[in-house]
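These notes concern the structure reproduced below.
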Amino acid sequence: MRVLEIWRYPVKSMQGERVDRVDVQPHGVFGDRGYALFDLETGFGLTARRRPELLFASAAARPDGTVSITLPDGSVAAGDDALSRWLGHPVTLRSAAQPGDRVYESPADFEHDADWEPFRGATGAFHDSGRANVSVVSTATMCEWPWRRFRPNVVVDGADEDSLVGSRIHLGSVTLDVRARIKRCVMVTRPQPDGIDKDLDILRTIHRERDGYLAVGCSVVAPGTISVGDELERSPRRDQDDQRAQQA
């Protein structure tokens, strides 16, 4: 497998940016999910599960760790007031370094978006789960679906990244533990710019053919740099090595 594309998403649920080279830190890709919008009335973090229009704004990471947000009309959001006017109610942009609850909402039934259930997100960067902070997906797994629906960090050629679960992989100077397959939710069905329409059949197919999972999630073992063109190398995890040594 070889790295074809690298992506980061500076604001949770907004469009991200494609980069040729990226620093990977202990908490994940630099600039990835470093910010999220929070509803000032409910306290909930906002995602495209509840507010699909978030996917029509885009965010870019600045070298100083801040972000620039471009709204659907092409204007650059100048603070919380501009974001609140766009969404129609008071919101605030919070960085991952700021304290506060991280509770989001997800529909109990993705077919109808009727009943909503709260869930607690990860600490550190604004990932849904603390088990993984770098995602990897292959072109074969994405089939003909637009890759942007799955918001991966690293896109590789080839197939069967599921087989990497439980192993340690090396991309550039970065070492990752492949922790688990990623469970997919209603996010992958949401409309996005450039003619990506709402499509519930995608999630139906993932549930039917892949038990609801697509892509793998990794944790960072050794920080470093990943570049487009890097080869993916695989090795057993250290705990597996230790277990084999004890059995020998």
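The values are calculated or read from the model by the stated rules, or taken from the named source; none is laboratory data. Keep in mind the model is a prediction, meaning the values are calculated, not measured. Every residue, glycine as well, gets a Cβ built from its backbone with ideal geometry; the counts of neighbours run over all protein chains shown.
Just the residues that are assigned to a strand (DSSP E or B), more than 19 Å from residue 11 (Cα to Cα) and without any contact (Cβ under 8 Å) to a residue 40 or more places away in the chain, please, taken from region 115-124.
Filtering region 115-124 down to residues assigned to a strand (DSSP E or B) leaves 116-120.
Then drop every residue that is not more than 19 Å from residue 11 (Cα to Cα), which leaves 116-118.
Across region 115-124, the qualifying residue is only 117.
Starting from residues that are surrounded by 13 or more Cβ atoms within 10 Å (Cβ to Cβ) and either aliphatic (A, V, I, L, M) or part of a loop (DSSP other than H, G, I, E, B) (or both), keep the ones in region 100-114 and report whichever is farthest from the chain's Cα centre (by Cα). Going through the qualifying residues, I end up with 113.
A count restricted to region 38-65 and to residues that are polar (S, T, N, Q) and within 14 Å of residue 8 (Cα to Cα) stands at 1.
Part of a strand (DSSP E or B) and charged (D, E, K, R): is that true of residue 50 in this structure? Outline the logic, then answer.
Working: part of a strand (DSSP E or B): no; charged (D, E, K, R): yes.
When the stated conditions are applied, residue 50 does not pass them.
The residue of region 41-99 that is nearest to residue 30 (Cα to Cα), among those that are surrounded by 12 or more Cβ atoms within 10 Å (Cβ to Cβ) and of a type in the set (Asp, Glu), is 80. Cβ-Cβ distance below 8 Å, separation of 6 or more or different chains: which pairs start in region 78-100 with a residue that is free of Cβ contacts under 8 Å to residues at least 24 places away in the same chain and end on one that is surrounded by fewer than 13 Cβ atoms within 10 Å (Cβ to Cβ) and small (Gly, Ala, Ser)? Note: pairs meeting the criteria are 82/75. Residues in region 1-38 that are in contact with a His (Cβ under 9 Å, 6 or more places away or on another chain), under 12 Å from residue 54 (Cβ atoms) and assigned to a strand (DSSP E or B): none. Scanning region 81-97 for residues that are charged (D, E, K, R), within 13 Å of residue 35 (Cα to Cα) and outside any strand (DSSP E or B) yields no hits at all. Once region 167-199 is narrowed to residues that are surrounded by fewer than 14 Cβ atoms within 10 Å (Cβ to Cβ) and more than 18 Å from the chain's Cα centre (by Cα), the residue that is nearest to residue 59 (Cα to Cα) is 194.
Of all residues in region 125-137, those being in a loop (DSSP other than H, G, I, E, B) and either at pLDDT 90 or above or crowded, with 23+ Cβ neighbours inside 10 Å (or both) number 6.
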